[in-house]
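Asks: Have a look at the structure that comes next, please.
Values quoted throughout were computed directly from the atomic coordinates according to the rules given, and no laboratory measurement underlies them. Computed from a predicted model, the values in this text were never measured in an experiment. As a convention, Cβ positions derive from the backbone with ideal geometry for all residues, glycine included, and neighbour counts pool all protein chains shown.
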Amino acid sequence: MVLPKGWDKKTLGESCTLQRGFDLPKRLRVKGEHPLISSSGCIDSHNEPKVAGPGVVTGRSGSIGSLFYIEDDFWPLNTTLYVKNYFGNDPRFIFYLLKHIDLKRFASGAGVPTLNRNNVHSESILIPSDSSEQKRIVGILDKAFASIDKAIANTEKNLANARELFERLVADSIFVDPDAQQWESKLVADLAVKEKGSMRTGPFGSQLLHKEFVDEGIAVLGIDNAVKNEFSWGKHRFITDEKYEQLSRYTVHPGDVIITIMGTCGRCAVIPDDIPLAINTKHLCCITLDHDICLPEYLHAYFLYHPTAISFLTSKAKGAIMSGLNMGIIKKLPVRLPSLKEQKDIVGKVSEAKQNYLKMTQLYQQKLTNLQDLKQSILQKAFAGEL
């Protein structure tokens, strides 16, 4: 570690003292002008402060290493560490110094990770001895970070706009009946194959207990398999062959459409052709379609993007005592149904639009990553005495 001219080599504890915040139960909080700072930032206000501003606060448990600079007097809660003593150093400089150190790497604990301030205090650092030099560096960092933060905000806005444009394109341009009212009006129940159990939820109550899951055997599908709106393997749950014999009426077939009806409602997926023998849980409604009437991929896209489906599912889920749907609701969902040829065309257009959207998303996500990397690069130069 080369020592720049006018800089000192110290431990962090010699440059600032981190102190645990103060408990303040909700029942004792009184709305006021002083921010209450938790490990995730300002969550409330109180009528009296504990610490004079400006101040620096970081997450001690929960959001480990998150950093906040507070201009005014404030109350740091006990999920945080705040800087109690700056030893004459510029508070804003200490804020950037802690960002550079990356406090997340000092987290410890198997259950809920916590930040041990004693470990942090022993970290070796380089720091300018002259506070005017600290303020000069802060001025450069503030200006650079303001520009980067503006670029980040614009990129995040573009990312949100890309999603909105994709959904609007699908709803307004792809799911449009070119011949006015030529598409049939059906209910989801009309689209299922005419067999008993063609629409089904999984086993309830004592039919399948958590203790009956085993390490291998017949797969059991749940919310996690549809939560991304496409099929993916999530948590591994299995039952024995003997248990499957009792629950075989809940078997999931290739091409079935599953939709979540509890927890995160309205997420859906098409079961892939290579699915092994599996059943679904009570958290899913599983639909075996009549493929001469409706393509699984069409119903999947309809659930996700058609305004009628979105409005119907949203209103029914919110109208429940607890957020949730049921098979009766899914059965009654109205569907505008074109011919199979038109369904196939629509599925292709939706897929193409989604691929374009994902490519755009990847570009914006990469830009966000690059901007965050730029911040770290600037911090690296700042605390090597190169600014």
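Asks: When a footprinting reagent is the concern and you count Cβ atoms within 10 Å, what order do Cys285, Cys42 take, fewest first?
Replies: Fewest to most other Cβ atoms nearby, the residues stand as Cys42, Cys285.
Asks: Can you pull the three principal axis extents for the Cα set of the range 201-272, in Å, largest first?
Replies: The Cα atoms of the range 201-272 stretch 31, 24, 22 Å along their principal axes.
Asks: On to the next question. If you rank Ile271, Ile293 by fewest surrounding Cβ atoms within 10 Å, what's the result?
Replies: Ile293, Ile271
Asks: I would also like to ask the following. What is the spread of the Cα atoms of the chain along each of their three principal axes, largest first, in whole Å?
Replies: For the chain, the Cα extents along the three principal axes come out at 82, 50, 44 Å.
Asks: Sorted by mean Cβ packing within 10 Å, highest first, what order do the peptides 256-264, 99-107, 211-219 take?
Replies: The packing order, highest mean first, is 256-264, 99-107, 211-219.
Asks: I'd like the antiparallel share, as a percent to the nearest 5, of DSSP beta bridges with both residues in the chain.
Replies: 90 percent
Asks: A follow-up question, please. How long, wide and thick is the range 7-128, going by the Cα atoms along their three principal axes, in whole angstroms, largest first?
Replies: Each principal axis gives a Cα extent; for the range 7-128 these are 45, 36, 17 Å.
Asks: Take the alpha carbon atoms of the range 62-94, find their center, do the same for the range 150-182, and report the distance between the two centers in whole angstrom.
Replies: 41 Å
Asks: Given N residues in the range 184-337, what is Rg(Cα) / (2.2 N^0.38 Å)?
Replies: 1.00
Asks: Let me ask something else. Please compute the modelled spin-label separation between Ser206 and Arg20, points set 7 Å along Cα→Cβ, answer in nm with one decimal.
Replies: 4.7 nm
Asks: A further question follows. Just rank Ser39, Ser206, fewest to most, by other beta-carbon atoms within 10 angstrom.
Replies: If I rank by nearby Cβ atoms, fewest first, I get Ser206, Ser39.
Asks: Give me the one-decimal nm value for the distance between modelled label points at Ser108 and Asp273, 7 Å along each residue's Cα-to-Cβ direction.
Replies: Calculated label separation equals 5.5 nm.
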